[in-house]
Amino acid sequence: MSQRKRYNPTELVAKCDSAAPIPDELKDWDQAPSVGFEQTIMDGQVDIGDVILQFRERLADDYDVIQLILFGSRARGDYHSESDVDVAVILPGEPGDFVETKLEMAGWAFDVLVQTGVRIQPFPIWEAEWREPTKHSNPDLLTNITREGLTIWSRNK
């Protein structure tokens, strides 16, 4: 696999055409609603994507995670300062014990909360359910995650 070329800001600025017109959709970019990737913790900003990746690192010893998907208010952009971070954790194979798995993941999420101040709400979904939502106890939720979710990490990327 070829490695992406990395640029530094000076190189990018040098390549910019200062006379180029700015598209209308970019003119007020700073006024656009947030997508839920930032959270202020004790006067500092925390990147929610980075926190989810920290959570994945903690899961890695116990679970063969296929994908992590941000869903809910953080993915839609209608969150508030106390909103949790809903994360679908896609696991391989057929469904296992949902409650036991969710409780184990909640323990790892608590460790991340203590470290970062961000409350992750893990939601385990097995691959068989993900591929065929009617196998899940709440197929509408899986449809919603598919429609609104943002993939934060995937084993295949």
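The values are calculated or read from the model by the stated rules, or taken from the named source; none is laboratory data. Remember, predicted model here, so these are calculated numbers, not experimental data. All Cβ positions, even for glycine, are placed from backbone atoms using ideal geometry, and neighbour counts span all protein chains on display.
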(request) Show the residue pairs that are 6+ apart or on different chains and have beta-carbon atoms under 7 Å apart, the first residue being within the range 108-136 and hydroxyl-bearing (Ser, Thr, Tyr), the second being crowded, with 20+ Cβ neighbours inside 10 Å. (result) 116/51
(request) Scan the range 74-102 and report the pairs whose first residue is over 20 Å from residue 154 (Cα atoms) and whose second residue is part of a strand (DSSP E or B) and modelled with pLDDT of 95 or more, with Cβ atoms within less than 8 Å and a gap of 6+ or a chain change. (result) 84/120; 84/121; 96/124; 96/126; 98/124
(message) Quick check on the range 79-94. Is at least one of its residues in a helix (DSSP H, G or I) and surrounded by 11 or more Cβ atoms within 10 Å (Cβ to Cβ)?
(response) no
(request) Output yes when any residue across the range 124-132 is surrounded by fewer than 20 Cβ atoms within 10 Å (Cβ to Cβ) and over 18 Å from residue 154 (Cβ atoms), and no when none is. (result) yes
(request) Report yes if residue 149 is surrounded by fewer than 15 Cβ atoms within 10 Å (Cβ to Cβ) and in contact with a helix residue (DSSP H, G or I) (Cβ under 8 Å, 6 or more places away or on another chain), otherwise no. (result) no
(request) Considering only the range 125-136, state which residues are outside any helix (DSSP H, G or I) and either of a type in the set (D, E, K, R) or out of contact with any Asp or Glu (no Cβ under 9 Å at 6 or more places or on another chain) (or both). (result) 125, 132
(request) Take the residues in the range 60-76 that are over 16 Å from residue 119 (Cβ atoms) and surrounded by 13 or more Cβ atoms within 10 Å (Cβ to Cβ), then tell me which one is nearest to the chain's Cα centre (by Cα). (result) 69
(message) For the structure I just gave you, tell me whether residue 104 is surrounded by 15 or more Cβ atoms within 10 Å (Cβ to Cβ), under 25 Å from residue 50 (Cβ atoms), among the acidic types (Asp, Glu) and in contact with an Asp or Glu (Cβ under 9 Å, 6 or more places away or on another chain).
(response) yes
